[in-house]
1. Being in contact with a helix residue (DSSP H, G or I) (Cβ under 6 Å, 6 or more places away or on another chain), within 27 Å of Gly324 (Cβ to Cβ) and at pLDDT 95 or above narrows it down to one residue among Asn257, Asn217; which is it?
2. Which condition number in (1) out of contact with any helix residue (DSSP H, G or I) (no Cβ under 9 Å at 6 or more places or on another chain); (2) buried (at least 21 other Cβ atoms within 10 Å of the Cβ); (3) more than 24 Å from Thr375 (Cα to Cα) is the one that Tyr318 fails?
3. Across segment 320-370, which residue is nearest to the ligand (Cβ to nearest atom) among those that are charged (D, E, K, R) and part of a strand (DSSP E or B)?
4. Would you be able to tell me the number of residues in segment 109-130 that are touching a Phe, Trp or Tyr at 6+ places or on another chain (Cβ under 9 Å), within 22 Å of Gly221 (Cα to Cα) and loosely packed, with under 15 Cβ neighbours inside 10 Å?
5. Counting just the residues of segment 79-105 that are of a type outside the set (D, E, K, R) and surrounded by fewer than 17 Cβ atoms within 10 Å (Cβ to Cβ), which one comes out farthest from Pro525 (Cα to Cα)?
6. If you take the residues of segment 477-499 that are surrounded by 24 or more Cβ atoms within 10 Å (Cβ to Cβ) and among the hydroxyl-bearing types (Ser, Thr, Tyr), which of them is nearest to Phe312 (Cα to Cα)?
7. How many of the residues making up segment 127-139 are farther than 29 Å from Ile351 by Cβ and either within 16 Å of the ligand (Cβ to nearest atom) or under 29 Å from the mean Cα position of the chain (by Cα) (or both)?
8. Any idea which residue in segment 521-531 is farthest from Thr365 (Cα to Cα), counting only those that are in contact (Cβ under 8 Å) with a residue 24 or more places away in the chain and surrounded by fewer than 15 Cβ atoms within 10 Å (Cβ to Cβ)?
Amino acid sequence: MIRRRDFIRTSVACAGALVFARYSPSASAESSSAADSQIEVLLGEPLGIISPNIYGHFVENLSGVVYDGAWVGRNSKVPNVNGIRKELIDEMKKIKPPVVRFPGGCFADSYDWRDGVGPVDKRPRRTNFWDGGEITSAPNHHRYDPNQFGTNEFVQFCKLIGSQPYLAANVRSLPAEAFYRWVEYCNSPTGSTTLADLRAEAGYPDPFGVRYWGVGNEAWGCGGNFTPQEYATEFRRYTAWVPGYKQELSFVASGPNSFEWDWTRGFFEEIVRKGKGQLRSIFGWALHYYSWNLSRGRTQDWDQGKGDALKFDAIDLYELLREGDKMESLINGHWQVMGEIDSEHLVKLVIDEWGPWYRPGSGQTAENQLEQTPTLRDAVFSGMTLDIFNRHPDKVAMAASAQLINCLNSLYLAHEDKFCVTPVGHVFQMYSAHQGGQALRTIFSAPTVNYDRDGKPASFWGLKGSASLHDKELVLTVVNPHVSEARVTEIGVRGASIRSGTATTLTHSDIHAHNSFAGRNVVRPQTKDVEIKGKVLTCTIPPASVTKLSLTLA
Ligand code: AHR
C-alpha cells in the first residue's frame, strides 16, 4: 500500500489552464500563491528540429552486452528471433530506437569484420579486446569472441527494432582497404561483387544500405594512440574515394575525450591543410563524455574517483548530476572550437558515448564486466542529458547512451531467461516523444538546490528540461533534482493556450530504487490526465523525478 507521504512524493499533480499570452512568470495576479517555480515555453523561439538520432544506442562486443544480452543464439531456450533476444526486440520497439552503434568502442579497433560473416560454423574464435578485464568465472565467450553475432546478425537486429546501423571501422589494426571492403559487403548491389554474393549466400541478397560509419573510435587512446594531426591524416586517407554504391555515406570522425579542446582544435586545423572542402567529408565529430568522478574534488584518479551505483547519499546524487551537467558546456565549448575552422558548421557533434560510470560490483550478473545497476538517480541523470541534447538541435546530430544492455547506463539488464527494463529505459521511452519535434526555447525558474560539499556550500539548478512542438502537440520534459522537495510549478506557453494533456512521471520515494530480475516494476512511469480549469496550469513536480507533459495546444 502506498503511504500518503509517498503518494505526494511520487505523484505529479497538475491543475489549471494557461491562457496564452496572458502568462507572465512575474505576474503575481496570475500566480498560484503556493507556486515556487515557473516554466515558460516560447512558441515564437524555435531552436531547430530535434534529430531522432539523438536517441541512439550503443552495442559493443564487450562481456555480456552482445552474448547473453542481445544475442542468445538460434538454439536457445530463451525466446528469440533468429538468435536475438525477443524480449529486447519487443521492448526496443516501444522506444523508437533510431540508430545503433556497433561493434565498439575499443573493441572496434581490434575487430576484423571478415571473421563475423560467412557460414556461422566456420567463423573463427578470437581473443576479445576486453579479455584482460574479465573475472576468472567469466564465461569463455566473453574472453574469446565466437563471432556468432557479426554484421549480418547486427543488421537484422537493427531491422527488427526499426533502427539504422552505425558501424565503427577498425583504424588501429586494419588497413583502409578492409574498411572499403566492409562498405562493399554491406552496400554493393545484389550480384555485383564477390562480397555481395557472400552476403546473398548468407540469406541477404539485398544491400544493407549502411549510411553511418565511424572511422575508428577514441583514436587518442585505444583506437591507435594517435596525435590529432596523425589521426586527421588517417581520417583523410580512410575516407578518400570510398565507393558509395549510391548509398550516401556519413563518416563520423573520432573526437575528443571530455574537455580535450586540443584534440578538437588539432584535428580541425590539420584536416583543412588540404583545403576547407575536406570538411564536407565529415558528417560528425564524436564526443565521448562519462561522468565518473564522485570524489568531490579529492582525486582525478580513474579508479579512486568513482562512486558506487547503489550505495550513495543525496550529496553523491547532486555531485553526479553536476558532473553530467557539464555536457552542456562541452557541447558549447567544442562547437566553438570547431567553429574557429569550420565557420559554416558543416560538421555536427555526435555524442556516441555518454552516461555515468561507477566502480565495478553493482551489476545483476557478477560476470558481466562494466555492468552496473541503474537507479532512479541514473534516470534523473539521463533525463537531464537528453534535455541538454534537445536544447542544442543545431549542434547535436546524433548520440548514443553507453551502453544498451548489461553494461554502463543500460536501458535493459538480462541474463539467460531473466530480463528487466531499467529506470533509464523508461526515460528513453518517455523522451522518444521529442524525436523529430521543433525544439523551443524554454525558461525555467526555480529555487536552487543548496547542499554541503564537505564543509563548503554548493548549489545546483532547481528545475530544467526541454520542449518540442509537433504540430499542435507540445512535449515538455522536466527534471527536478532535489531529493526531498517537490516544486510547485506554473507552466505557461507563450503564443497558445493549453486544451488538454497528460503528465507522465518517473520517480520513487527512495532515490536508490531500481529494477531487477526479481523486482521488474519497482520504478516505472505513471501517467495522469492534466486537469484544465482556471487560468494557470500548475504542476507539482515531485522530488528526484523526471516528468513529461504532453499538451495539446489551441
Ligand atoms: O563504453 C566502454 C568503453 O569506454 C568503450 O569501449 C570506449 O570507447 C570507452 O572508453
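1. Asn217
2. Tyr318 satisfies every listed condition except (3).
3. Result: Glu353.
4. Qualifying residue count for the region: 1.
5. So the residue we want is Asn82.
6. For segment 477-499, the residue satisfying everything is Thr477.
7. Number satisfying all stated conditions: 4.
8. Once the filter is applied, the top-ranked residue is Asp529.
The values are calculated or read from the model by the stated rules, or taken from the named source; none is laboratory data. All values derive from a computational prediction rather than experimental measurement. With ideal geometry, Cβ positions are generated from the backbone for all residues, glycine too; neighbour counts draw on all protein chains shown.
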